[in-house]
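Worksheet for the structure shown next.
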Amino acid sequence: MGLAVTILIDGLTYASWLFIVALGLTLVFGVLKILNIAHGSFYALGAYAAATFVGWVATMKWAPGWSLVAMLLAAIAIAVLIAPLTERGLLRFFYGHDEVLLVLVTYALFLCMEDITKLIWGANPYYVSEPYSLFGNVEIGNQIYVGYDFLLVVLAVVVGVAVWWALNRTRQGKIVTAVIHSPEIASSMGIQVSKVYMHAFGVGVFLAALGGAFTAPMISVQPGVSVGVIILSFAVVIIGGLGSIEGAAIGALIVGLARAFAVHVVPVAELFSIYVVMAFVLMVRPEGLFQRIQARKI
Amino acid sequence: MRNVSTRKNFRTLALTTALASASLLAGAQETFKIGVVSFLSGQAAESFGIPAVNGAKVLVDAFNKGQAPAPYNKKGFGGMPIEALYIDENGGATKQVQELRNLYDREKVDAVVGYVGSGDCLAVAPVAEEMKKFLILYDCGTPRIFEDGKYNYVFRTAAHATMDNVALARYLKSRNVPVKSYNMINQDYAWGQDSRKDFMFSMEKLYPDAKPGEDQLPKFGAGQYGTEISALMAKPADLVHSSLWGGDLQAFIMQSAPRGLFKRSQVVLSAGDHVLPSLGEKVPDGTILGARGAYGLMAPKSALNDWWWESYSKANNVYPVQAPYRMAQALLGLKLAAEKAMAANGGKKPTAEQLAAALKNSEWDSPAGKIRMTLGGGNQAIQETAIGRTRWDAGKKMVMIEDIQRFPAECVNPPANMKSDDWLKAGFPGAKCN
């Protein structure tokens with residue numbers, strides 16, 4: 001019983017972190033049909049920006065609670081600055097081209113961003129551990145958890161519900177859905193598809209940066225943080241179905257729980273557990289758990 | 001007639017000037033080119049690659065100005081200026097093989113000093129050997145390179161990883177740390193797996209009753225250790241061993257210390273010194289750690305170490321930890337080998353063969369003590385090492401290392417012609433610890 005609860009909690013906290021990042025990835029794919037490898041770079045930018053913003057809060061000697069606001073603002077700042085620059089300045093020139101070309105473009109961007117972050121923030125690590133201790137510790141059974149880990153669970157739920165509600169219950173969401181189904185028809189109905197693309201990409205960047213910003217207090221922010229998260233996020237969206245929000249949530253939960261189970265029971269299969277689940281899902285449902293089979297347009 | 005003679009004189013003068021300039025130019029171009037390969041980007045850059053390159057820059061500059069202390073005080077290498085090219089190790093072993101070929105073939109470097117990653121070392125060593133080019137591996141830890149292969153042109157000027165874990169186990173024993181059970185967390189690649197195995201073999205001999213428990217092998221660069229920490233805490237043990245390093249180690253400490261792991265178990269870190277300057281008071285007091293040599297705060301007192309510590313600290317605003325120390329001992333060894341070879345060949349730039357002959361079986365003083373090339377047919381170094389405990393010094397605002405114990409090289413390294421695994425399994429035969 002104790003082990004099951006521990007696996008559940010560990011899986012849930014890990015899944016929450018993954019979901020926030022993977023949600024942005026799946027949203028961008030759903031709307032723009034871009035498998036955005038640079039998503040990991042936006043995650044790293046969010047972490048670096050959060051480190052800087054929280055540093056300012058500390059310098060100004062504001063109450064530690066403000067560091068949470070600073071992290072949120074850092075993610076917004078990255079989205080506002082980087083998303084239009086990337087989408088308008090680079091990606092739009094490749095719309096309509098082969099999806100593989102877009103993958104290569106975002107991969108090139110990923111490599112450039114790795115050096116750009118190093119140029120701006122240098123190679124030395126940044127620490128913003130103050131927010132990590134804001135919520136104290138929680139004792140469950142023989143385990144002590146940091147309260148901040150549960151904040152990530154709450155954040156993931158809030159973000160997931162907000163995005164679902166925006167897409168399914170608002171006029172703007174219906175417009176985005178129309179663009180997802182057919183940009184051509186949406187365009188002929190008077191929808192400014194390029195604007196929808198830009199906004200959707202902005203939300204995607206924001207979610208990646210938000211994931212990075214709220215992870216920053218748990219890690220040392222330094223070159224290379226962008227790599228691991230993007231690979232795991234791909235696994236999540238492939239399991240859930242590319243472009244599906246529900247899929248990202250379920251995919252993240254499956255990955256989180258499978259990994260937690262492996263770490264506790266068969267540690268040597270930690271990484272294997274994630275990809276064996278992915279392989280199994282692809283065998284049974286090649287399009288992912290939540291993506292409907294679509295007719296190919298000719 | 002006068003005009004002809006003047007013209008002739010002018011031509012002679014011009015020719016002489018041209019020849020003199022050419023010879024001067026040739027003299028000026030006679031530099032010793034070193035390719036320095038280390039991580040300048042990626043996850044290993046901050047902890048290892050960049051500090052090591054910073055160390056190389058400090059030393060090359062001091063060598064070229066003739067400012068290093070004796071016996072390293074000749075300008076450059078035997079008067080020949082040193083030119084260093086810095087190459088990024090990031091990108092995987094295949095890329096490194098290509099980069100190494102480029103350094104030798106296109107850049108015409110006289111020696112390459114590099115490689116942090118054990119996988120990179122295993123990949124490039126046979127290539128340098130095949131090309132008959134001089135290569136010093138300055139950092140990577142896997143013992144397999146010289147235990148499984150024989151090289152003429154490839155050297156490693158630092159001890160391999162076996163030393164780190166034998167020293168840790170010996171330290172625990174000598175300090176009477178009670179260990180009935182121990183957990184482990186190591187990265188799932190050559191370094192982590194070798195370290196884990198060496199520690200287990202050492203514990204089997206020194207603590208025969210101690211039982212290994214949790215054996216976590218997260219991937220390199222995992223970053224999130226919440227689940228692994230839960231697993232380590234779910235099966236409490238007297239000791240937690242780890243060879244994590246860089247950002248992984250920093251994240252592990254930041255995530256596990258608030259959860260009380262360091263209070264429940266004695267944590268021992270085989271390569272943990274390099275996170276002390278950056279993590280500061282986040283490192284729990286009493287953590288037992290090594291530096292993969294007598295480096296940084298555990299370096300022995302010497303004039304050479306004082307000079308190195310001050311030069312590096314002044315240039316980089318932080319004290320040197322293990323990676324720059326290992327770079328320093330590689331470059332100091334190369335300098336002495338180059339000068340020895342030049343003394344034997346009449347002062348000419350040494351060939352790869354002459355450099356190799358000079359470095360083989362040699363020994364030299366480094367800021368971390370004596371380096372001796374006694375293993376792997378004279379191509380693999382041994383050195384003394386040290387282990388200690390951390391304590392946050394609020395006055396100095398830095399983590400200090402106290403209760404330091406030094407281990408002679410012969411106490412914690414296998415003898416020549418004996419593989420590490422065999423030596424550990426046999427219970428360290430021939431070890432000289434006093």
Worksheet item: Could you count how many residues in segment B:234-243 are modelled with pLDDT under 95 and out of contact with any Ser or Thr (no Cβ under 7 Å at 6 or more places or on another chain)?
Response: 1
Worksheet entry | Tabulated pairs, segment B:360-372, first assigned by TED's automatic domain parsing to the domain that holds B:Phe146 and free of Cβ contacts under 8 Å to residues at least 12 places away in the same chain, second buried (at least 21 other Cβ atoms within 10 Å of the Cβ) and not small (Gly, Ala, Ser), C-beta under 7 angstrom, 6+ apart or interchain | B:Glu363/B:Ile371; B:Glu363/B:Met373
Discussion item. If a residue must be surrounded by fewer than 17 Cβ atoms within 10 Å (Cβ to Cβ) and assigned to a helix (DSSP H, G or I), how many such residues does segment B:310-358 contain?
Written reply: 9
Response to the item:
The condition of being in contact (Cβ under 8 Å) with a residue 24 or more places away in the chain and either within 20 Å of the chain's Cα centre (by Cα) or within 24 Å of A:Leu134 (Cα to Cα) (or both) holds, among B:Gly286, B:Gly260, only for B:Gly260
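Out of all the residues in segment B:218-248, which are in contact (Cβ under 8 Å) with a residue 60 or more places away in the chain and surrounded by 22 or more Cβ atoms within 10 Å (Cβ to Cβ)? Walk me through it before giving the result.
We begin by selecting, within segment B:218-248, every residue in contact (Cβ under 8 Å) with a residue 60 or more places away in the chain; these are B:220-221, B:238-239, B:241, B:243, B:245-248.
If the condition is that a residue be in contact (Cβ under 8 Å) with a residue 60 or more places away in the chain and surrounded by 22 or more Cβ atoms within 10 Å (Cβ to Cβ), then B:Leu239, B:His241, B:Ser243, B:Trp245, B:Gly246, B:Gly247, B:Asp248 are the ones that fit.
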Worksheet item: Taking the condition more than 11 Å from every other protein chain (Cβ to nearest Cβ), buried (at least 19 other Cβ atoms within 10 Å of the Cβ) and within 22 Å of the chain's Cα centre (by Cα), does A:Leu104 pass?
Response: no
Worksheet item: How many residues are over 16 Å from A:Ser220 (Cβ atoms), part of a loop (DSSP other than H, G, I, E, B) and under 24 Å from the mean Cα position of the chain (by Cα) if we restrict to segment A:118-140?
Response: 2
Item to complete: Return a yes/no flag: does segment B:388-401 have any residue that is touching a Lys or Arg at 6+ places or on another chain (Cβ under 7 Å) and in a loop (DSSP other than H, G, I, E, B).
Response: no
Worksheet, complete the sentence: Going through segment A:158-170 in order, the residues found to be in contact (Cβ under 8 Å) with a residue 40 or more places away in the chain and more than 13 Å from the chain's Cα centre (by Cα) are A:Trp164, A:Leu167
Discussion item. For segment B:35-143, give me every one of the strands (runs of 3 or more DSSP E) that falls completely inside it and has 2 or more residues that are at pLDDT 95 or above and crowded, with 24+ Cβ neighbours inside 10 Å.
Written reply: B:111-114, B:135-137
Response to the item:
Among residues of segment B:234-281 being hydroxyl-bearing (Ser, Thr, Tyr) and in a loop (DSSP other than H, G, I, E, B), the residue nearest to the other protein chains (Cβ to nearest Cβ) is B:Ser265
Worksheet item: Are any residues in segment A:110-158 more than 10 Å from every other protein chain (Cβ to nearest Cβ) and among the aromatic types (Phe, Trp, Tyr), and if so, which ones?
Response: A:Phe110, A:Trp121, A:Phe135, A:Phe150
Worksheet item: What pairs come up if the first residue lies in segment A:1-29 and is away from chain B (no Cβ under 11 Å), the second is surrounded by fewer than 24 Cβ atoms within 10 Å (Cβ to Cβ) and of a type in the set (S, T, N, Q), and their beta carbons are under 7 Å apart, counting only those six or more places apart or on different chains?
Response: A:Thr26/A:Ser244
Worksheet item: How many of the residues in segment A:181-235 are within 14 Å of chain B (Cβ to nearest Cβ) and at positive phi?
Response: 1
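The values are calculated or read from the model by the stated rules, or taken from the named source; none is laboratory data. Since the structure is predicted, the reported quantities are computational estimates derived from the model, not experimental observations. Note: ideal-geometry Cβ built from the backbone for every residue, glycine included; neighbour counts use all protein chains shown.
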